[in-house]
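**Student:** Have a look at this one before I ask anything.
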Amino acid sequence: PWIFATKEPLDKVFTVTPFFNLSPLMSLLQQPQESYRQESDITPITSREFQSDIQEPGKATLLPSLSISNRNWEKGGQPHPMLKMDGLYVFQDGKYQGWLSEQSIPGLRWVEPQTQRSPLILRKDGKPQVSLSLENPKIQVIPNVKGKDVTYTVDIMLTGNVSEVIQPMSERLMEEQGAEQIRKEIQQTFEKGLEFQSDLLQLEHTLYRKQNKEWKNIYAERDFRLTKESLQKIRVSLKLNNAGKLKIP
């Protein structure tokens with residue numbers, strides 16, 4: 001019972017078939033978790049989870065957006081349409097806030113506990129140098145309450161492997177640059193959410209869960225209180241476990 005939203009005509013969505021003559025039951029519409037295991041960008045959600053999340057105080061509910069792409073596959077020399085999750089429809093405290101493209105929220109995958117594997121490309125002067133495959137983020141949100149004000153610290157721990165090296169780089173530098181890029185992506189995602197009055201990092205909901213009395217004191221009288229200053233610090237720890245056959249100092 002997966003749930004999606006789409007701007008596409010519904011009849012076209014339901015007539016898109018999987019590749020390799022597979023059953024329609026193997027499509028993204030029916031089994032989104034299969035592709036999510038390989039590349040975790042947009043987290044699929046069931047109808048039960050959607051109904052539960054949208055009732056939660058201080059929570060941003062993220063509904064995947066489906067589109068039809070004709071760019072990547074051909075069959076018999078003709079474009080073969082495929083379904084793709086291209087963004088999110090965002091609800092904050094049960095209210096619809098707007099649509100965000102996948103490209104505008106690159107840091108969301110790093111603060112999603114369900115993320116299983118996602119690529120990260122390190123670049124220099126716009127050119128790719130190294131491709132990493134990062135897995136299973138461990139996320140901790142720490143509220144810092146002072147009177148009627150609250151700020152948040154976000155701690156992220158990630159492990160991963162080196163997928164490809166185009167330009168040689170030391171492992172230490174990969175970890176440092178990777179951690180910094182992840183930190184920037186999370187900051188960008190947080191600020192993009194603020195434009196839509198949405199808490200994409202689930203900061204307020206963490207306070208609601210961990211310190212409910214303080215949450216009531218701070219948030220009860222206002223709908224949305226987050227500002228750029230609310231996210232005090234993002235700390236990212238990245239450890240590469242395996243560089244394959246590469247011998248890099």
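**Student:** Local charge sum around residue 101 (other residues, Cβ-Cβ under 11 Å, Lys/Arg +1, Asp/Glu -1)? Walk me through the numbers before you get to the answer.
**Tutor:** Details: positive: 192; negative: 86, 102.
Around residue 101, the charge tally is -1.
**Student:** Estimate the FRET efficiency between residue 170 and residue 46 by the formula 1/(1 + (r/R0)^6), using the beta-carbon distance for r and 51 Å for R0, to the nearest 0.05.
**Tutor:** 0.75
**Student:** Pairs 7/228; 124/184; 12/75: which are spaced more than 20 Å apart, C-alpha to C-alpha?
**Tutor:** Cα-Cα > 20 Å for 7/228; rest within.
**Student:** Enumerate the residues in the stretch 106-131 having an amide nitrogen under 19 Å from the point lying 7 Å beyond the Cα of residue 56 toward its Cβ.
**Tutor:** Under cut-off, by backbone N: 107-116.
**Student:** Evaluate the charge dipole of the stretch 1-104 about its Cα centre and quote only its size in Debye, nearest 20, assuming +1 on the Cβ of each Lys and Arg and -1 on the Cβ of each Asp and Glu.
**Tutor:** In total the dipole reaches around 180 debye.
**Student:** Can I ask one more? Once you place label points 7 Å from the Cα toward the Cβ at residue 5 and residue 73, how far apart are they in nm?
**Tutor:** 2.6 nm
**Student:** Alpha carbon centre of the stretch 157-194 versus the stretch 128-155: separation in Å?
**Tutor:** Spelled out, the Cα-based centre of one part sits 13 Å from the other.
**Student:** Sequence gap at least 6, Cα distance under 8 Å: using those rules, report the relative contact order of the chain to the nearest whole percent.
**Tutor:** 18 percent
**Student:** Hey, another quick one. Among the complete DSSP H segments of the chain, which ones combine at least 30 Å of alpha-carbon extent along their axis with a mean Kyte-Doolittle hydropathy of 1.0 or more?
**Tutor:** none
**Student:** Another question, if that's okay. Can you pull the one-decimal nm distance between simple spin-label points at residue 136 and residue 220, each 7 Å off the Cα toward Cβ?
**Tutor:** Using points 7 Å along Cα→Cβ, the separation is 4.1 nm.
**Student:** For the chain, give the share of DSSP beta bridges that are antiparallel, in percent and rounded to the nearest 5; count only bridges with both residues there. Intermediate values should be presented prior to the final figure.
**Tutor:** Numbers: 41 of 53 bridges.
Beta bridges within the chain, antiparallel portion: roughly 75 percent.
**Student:** Skipping prolines and chain starts, which residues have an amide H placed within reach, meaning under 5 Å, of the one on residue 45, given they are 5 or more residues away or on another chain?
**Tutor:** Those qualifying (amide H under 5 Å, at least 5 residues apart or on another chain) are 3.
**Student:** Using 1/(1 + (r/R0)^6) with R0 = 35 angstrom and r between the beta carbons of residue 144 and residue 37, what's the FRET efficiency to the nearest 0.05?
**Tutor:** Calculated transfer efficiency: 0.50.
**Student:** Then there is this: Pulled fully out, how much extra length does the chain show between residue 101 and residue 211, if you take 0.36 nm times their separation in residues and subtract their Cα-Cα distance?
**Tutor:** 36.4 nm
**Student:** Under the rule that an exposed site lies in a DSSP loop and has at most 13 other Cβ atoms within 10 Å, name the longest stretch of the chain with no chymotrypsin sites (Phe, Trp or Tyr not before Pro) of that kind, not counting the sites themselves.
**Tutor:** Free of exposed loop sites, the longest segment is 74-249.
**Student:** Along the positive direction of the dipole of the chain (beta-carbon charges: Lys, Arg +1; Asp, Glu -1; about the Cα centre), which of 70, 35, 186 reaches farthest?
**Tutor:** So the residue furthest toward the plus end is 186.
Bear in mind that the values in this text are calculations on the coordinates, not laboratory data. Remember, predicted model here, so these are calculated numbers, not experimental data. All Cβ positions, even for glycine, are placed from backbone atoms using ideal geometry, and neighbour counts span all protein chains on display.
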